[in-house]
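The block underneath contains the structure these notes are about, expressed in structure tokens.
Where a number appears in this text, it was derived from the coordinates with a stated rule and is not lab data. Just so it is clear, the structure is predicted and the values come from calculations on it, not from any experiment. Backbone-built Cβ (ideal geometry, glycine too); neighbour counts: all protein chains shown.
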């Protein structure tokens, strides 16, 4: 039978926090596990050493910097977003700030007003003039 040996990925739902649509939190948040924001957070959001996943729902609004490995955005973020593993921008996502990512998934309708900066790029590439021993297109040594 196909898929018989696959085991479903389970998350530890005993360590999830929900910020309700009517809630407003002022101050920085550091969490582990899962954090689902439907309300407003005015402050920075980061994750502890154990890691975690942040979900910003359609009614969620963040004013501050986010540093979380796995992020799903379907609300509004005013500040820079740092996703070291995976970033998903859903249809109603609006980010006003720079986005630093390793892997990004963006649905039509999502908006980013800032730079998209891919992390973990190969930084040690040779300069184009140094390829082929500094020779130009015609094989002759560059001046």
Does residue 72 count as surrounded by 15 or more Cβ atoms within 10 Å (Cβ to Cβ) and under 13 Å from the mean Cα position of the chain (by Cα)? yes
Number of positions in segment 35-50 that are outside any loop (DSSP other than H, G, I, E, B) and surrounded by 14 or more Cβ atoms within 10 Å (Cβ to Cβ): 9
Mind listing whichever residues of segment 60-69 are assigned to a strand (DSSP E or B) and crowded, with 21+ Cβ neighbours inside 10 Å? 62, 66
Please count how many residues of segment 83-97 are in contact with a strand residue (DSSP E or B) (Cβ under 6 Å, 6 or more places away or on another chain), within 16 Å of residue 61 (Cα to Cα) and assigned to a loop (DSSP other than H, G, I, E, B). 1
